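What follows is a single structure, written as structure tokens, with notes after it.
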Amino acid sequence: MSGEIIDLSARQMAKAARESGHVRHHMPMAIEQIVDAYVRLKDGRALLDLRAHRQRLIVDLNKLRSNSNWNVSLALGKMTEDLAIIDAGIARWIAQGDIGAIVRALPASPWS
């Protein structure tokens, strides 16, 4: 019963916000805003670190899925979506053309 009340209230608030014009039709996800900020700041290292973090989360979620009865499909879908956004941001950062910054942001070679 209380879940229905909360859900109804959330729907009513969302409807009121849309009708008042305070909500855009497409609200950017947090990851989009973070990636956009890193691209504007030309912080390729942060973009690469963010990508590596999402990749580690995907590995961990796949391990959890194979070792338990947990349904992690929504989380895996979200991480895959995040990776696509991050990859697009990395492409925009590279397109800015600061080759020195790109080379400095790359991880150190294990052979150096």
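What follows is calculated from the coordinates using simple rules that are stated; it is not laboratory data. Quick caveat: nothing in here was measured; it's all calculated off a predicted structure.
I'm a student and want to see the number: the projected area of the Cα convex hull of the stretch 28-105, averaged over all directions, in nm².
Computing the convex hull of the Cα atoms and averaging its projections yields 5.3 nm².
Length available on full extension from residue 70 to residue 45: 0.36 nm per residue minus the Cα-Cα distance, which gives 5.7 nm.
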